[in-house]
Amino acid sequence: MTEKKGTYYISTPIYYPSSNLHIGHTYCTVMADAMARFKRLSGYDVMFLTGTDEHGQKIQTIAEEKGVTPQAYVDGVVAGIKDLWATMEISYDDFIRTTEDRHVERVQAIFNKMYEKGDIYKGEYEGLYCTPCESFWTESQLVDGCCPDCGRPVQPAKEEAYFFKLSNYQDKLIDLLENTNFLEPESRRNEMLGFIRQGLEDLCISRSTFDWGIQVPIDEKHVIYVWLDALSNYITALGYASEDPSKFEHYWPANVHLVGKEIVRFHSIIWPAMLMSLDLPLPKQVLGHGWLLLEGGKMSKSKGNVVDPVKLIERYGIDALKYFLLREYTFGQDGIFTNEVMLKRMNYDLANDLGNLVSRTASMIEKYNGGFVPEAKTEDEIDQDLKAVATGAAAKVEAQMDKFAFNMALEEIWVLVRRANKYIDEKMPWVLAKDEAKKDELDTCMHNLAEAIRIISILIYPFMHTTSDKIRKQMGLWYADVVWEDAFTFDMMQGEQVKKGEAIFPRLDIEKELVALEEMQNAGKEPAEENIPLELKAPIEFDDFDKIDLRVGLIEKAEKHPKADKLLIFQVKMGTERRQIVSGVAEHYKPEEMVGKKVIVVANLKPRKLRGEESKGMILFADNGEKLEIVTTDAPDGESVS
Ligand code: MSP
């Protein structure tokens, strides 16, 4: 057994149980799982945490719409998430739900500690609120007047609330991001530094407009802001602020929080500031990964285009899917998911390269040596080269895993897989077998191939343990534990009995699979097209709507904003009045395309300046998440729309 090297604590974000998870969510968990398995195999005492983030207005609204209690609603979705992780054999050590008593009590204790420290005070919040993101924003943080996270419109809102003195930690946070590698990749670090340097305002950390949350311990009218509640999971799960903090003392600080790019801000600003307030050590790293996108843009339940990991697993198996996710995408960057790229990876890398290597070798050992792995008896340059590549691979994999470069770690393993296949072509064992005088060379060839496969079975274990087990069974290695150090040594096999089994990855007919997948994915879409309620903002009264004066406007002139690439400046005629309106649509329309269009204008919106240009009103666009489409009408300009 490998000697323990110390602790290694890795976490995924805790997922919102607002609907079932899609392939994008599984991406992060698959990476965390591979890392946890890799660290365990290399001798670390690992703590791998995942869970669900169950409070907040959005969940409360969905539950109300479905006519169930929020608790009943999240219980159902969370059961599905746990099933998904069980299907994918995710090796988490703990699963924290923010509705569990252990979490609730400890979050309240955290609030109290920060309050006693003098870092929390009661005030009044007035700001611009994004309901889907449950975030307040300042005017300067908005992008084109909308939420900088999701791009949707924000509404002015005011409420009595508790505040965390985030501004007190501004300098310490700048120091943390500037002088350590706390946040990676670097591009995200620069983005966050820019954000902090604009000036951190105190953070509103309570809400009184809904009640599905953890109560503020000193004020029953308020619930704790969902991000303070959620971020705390990384320590509440370990027993921080409980009667038994031994696990916390053992594993904290975390080695790495893996998070998607859009939540880096919460993890690299709010979370370290909270920990500073609690006088706790900071996690060693926050790593922001990119997103899996579809060719048409984001995956989203409302678009009905989410890729369901369960369907892919049913068809191709867990290991093929995990391999694809880890091999295809570069950590930190966005990547496009397509069926074709996935099928090609599965066929070329798994069925052809790895599958063929194992089945050819097993058949040859059965045919030429009665099914037993012979000893090596000779050695030439080709043998030496194979040995060098095989015994050198583990260190290369380690180096790539240190950088979270899962794709490159797998590539290093495939360098060996391809080298071993080439070795067969170079040695031509079928020719050696015809000549009795070449029996020693043939034995060496079989031995070296078996050794290379043994090493491959260890190297792939963190990524595809089931495949590793299958290979080890075929190679007669079922009796031995998988030990990482054994990947550095050649010549360990002695007479193991090889038994060729079924192909570890069947060859796929890509054309046929593409059609089948399309049918399957379209079949999944049907109910979405039939009638799935949209995720809407909170209901409003007719009187609220009636305050908005919508008018038809004719665009007479359009030009680019001299100081902002995203903005266009329009001169709009509405009956007797002419006015200027600035819109953030330059990425979607050329100025000349807009001239002559009759559009709908929110005419009584208070005027404001956008990069120095006055904008009186707002033109309506339809937004499909990627493109803004102009909404036009034939009605005469100046007319009222209601
Ligand atoms: N509940 C918060 C996290 C709190 S952590 C203290 C949350 N939940 S989420 O369910 O919306 O997202 C969870 C993670 O899934 C995020 O890291 C997000 O980036 C990731 N992904 C969601 N869609 C994704 C893709 N299409 N591709 C890759 N990751 C994606 O945010």
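Rule-based calculations on the coordinates, nothing more; no lab input. What you are looking at is a predicted structure, and each value in this text was computed from that prediction instead of being measured. So basically every Cβ, Gly included, is an ideal-geometry build from the backbone, and we count neighbours across all protein chains shown.
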Review point. Can you work out the FRET efficiency for the pair K499 and E379, with r the C-beta to C-beta distance and R0 = 22 Å, to the nearest 0.05?
Key: 0.20
Point to revise | Convex hull projection area averaged over all views, the range 228-319, Cα basis, nm² | key: 8.8 nm²
Review point. Considering the Cα trace of the range 542-641, what is its radius of gyration and what is Dmax, both in angstroms?
Key: 12.9, 40
Exercise for review: Within 10 Å, count the other beta carbons around each residue, average over each peptide in 16-28, 510-522, and list them highest first.
Suggested key: 16-28, 510-522
Revision key, fill the gap. Expressed in Å to one decimal, the Kirkwood Rh of the range 11-168 from all distinct alpha-carbon pairs is 18.4 Å
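Using 0.36 nm times the number of residues separating E124 and K344, minus their current alpha carbon distance, what extension gain do you get? Before the final figure, lay out the partial values.
Values: separation 220, 0.36 × 220 = 79.20 nm, distance 5.66 nm.
Gain on stretching E124 to K344: 73.5 nm.
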Point to revise | Charge tally in the Cβ shell below 10 Å around P374, where Lys, Arg are +1 and Asp, Glu are -1, P374 excluded | key: -1
Revision key, fill the gap. With a Förster distance of 60 angstrom and the Cβ-Cβ distance between K117 and E65, calculated FRET efficiency to the nearest 0.05 equals 0.90
Review point. How high is the relative contact order of the range 542-641, in percent, with contacts defined as C-alpha pairs under 8 Å that are six or more residues apart?
Key: 33 percent
Review point. Per the Debye formula with a single identical scatterer at each Cα and no solvent contribution, what log10 I(q)/I(0) holds for the range 108-224 at q = 0.13, 0.16, 0.20 Å⁻¹?
Key: -0.61, -0.90, -1.21
Practice item. Measure nothing fancy, just the Cα-based angle from helix 439-459's long axis to the longest principal axis of the chain, in degrees from 0 to 90, nearest 10. Key: 30 degrees
Practice item. Calculate, in nm to one decimal, what D543 and Q155 gain on full extension: separation in residues at 0.36 nm each, minus their alpha carbon distance. Key: 138.1 nm
Point to revise | Cα centre as origin, Lys/Arg/Asp/Glu Cβ charges: the chain dipole, Debye | key: 800 debye
Point to revise | Over the range 361-499 - Rg/Rh using Cα atoms and the Kirkwood inverse-distance radius | key: 0.97
Exercise for review: Kindly state, as a whole number, the per residue volume in cubic angstrom of the convex hull around the alpha carbon atoms of the range 90-163.
Suggested key: 156 Å³
Exercise for review: Can you find, among A394, A86, I548, the residue farthest towards the positive end of the dipole of the chain? Put +1 on the C-beta of Lys and Arg, -1 on that of Asp and Glu.
Suggested key: I548
Check your understanding: Fully extended, how many nm does the chain gain between E559 and N522 (0.36 nm per residue separation, minus their Cα-Cα distance)?
Key -> 9.2 nm
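About the Cα centre of the range 1-117, what is the dipole size in debye to 20, counting +1 per Lys and Arg Cβ and -1 per Asp and Glu Cβ, all else neutral?
Details: 13 positive and 16 negative charges, 83 e Å.
Here the range 1-117 has a charge dipole of around 400 debye.
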Exercise for review: Could you pull out which residues in the range 143-176 have an amide N less than 20 Å from a spot 7 Å beyond the Cα of V602, following the Cα-Cβ vector?
Suggested key: 143-159
Practice item. Sum -39500 (n - 2.57) across every DSSP H segment of at least 4 residues in the chain, then divide by the residue count to get the 222 nm mean residue ellipticity, nearest 500. Key: -12500 deg cm²/dmol
Practice item. Just the isolated ones, please: cysteines in the chain lacking another cysteine beta carbon under 4.7 angstrom. Key: C28, C146, C150, C204, C445
Review point. What net charge is computed for the residues neighbouring A564, neighbours being all others with C-beta under 15 Å from the C-beta of A564, Lys and Arg scored +1, Asp and Glu -1?
Key: 0
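Over the chain, what is the percentage of antiparallel beta bridges among all DSSP beta bridges, to the nearest 5?
Restricted to the chain, the bridges split so that about 70 percent are antiparallel.
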**Study point:** Leading residue at positive end of dipole, the range 338-488 (Cβ point charges), from N407, Y479, N347
**Key:** N347
Check your understanding: To the nearest 10 degrees, how steeply does helix 465-474 sit against the main Cα axis of the chain, on a 0 to 90 scale?
Key -> 10 degrees
Review point. With the radius of gyration and the Kirkwood radius both derived from the Cα set of the chain, what is their ratio Rg to Rh?
Key: 1.05
Review point. Against the longest principal axis of the chain, how steep is helix 356-369, in degrees 0 to 90 to the nearest 10, with axes from Cα atoms?
Key: 10 degrees
Exercise for review: Within the range 358-383, find all residues whose amide N lies under 17 Å from a label point positioned 7 Å from the Cα of D435 along Cα-to-beta-carbon.
Suggested key: 377-383
Point to revise | the range 485-525 - convex hull of alpha carbons, volume per residue in Å³ | key: 165 Å³
Point to revise | lysines whose Cα lies under 16 Å from that of K165, excluding same-chain neighbours fewer than 8 positions away | key: K113, K117, K122
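Once you have a ≥ b ≥ c as the square roots of the Cα gyration tensor eigenvalues for the range 263-421, tell me rounded if a/c is under 1.5, and otherwise prolate or oblate according to whether a/b is larger than b/c.
oblate
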**Study point:** Net charge of neighbours whose Cβ lies under 13 Å from the Cβ of K158, counting Lys and Arg as +1 and Asp and Glu as -1
**Key:** -3
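Grab the beta carbon distance between R418 and E186, set R0 = 25 Å, and tell me the FRET efficiency rounded to 0.05.
Between R418 and E186 the formula returns 0.20.
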Check your understanding: So how strong a dipole does the range 542-641 carry about its Cα centre when Lys and Arg Cβ are +1 and Asp and Glu Cβ are -1, to the nearest 20 debye?
Key -> 520 debye
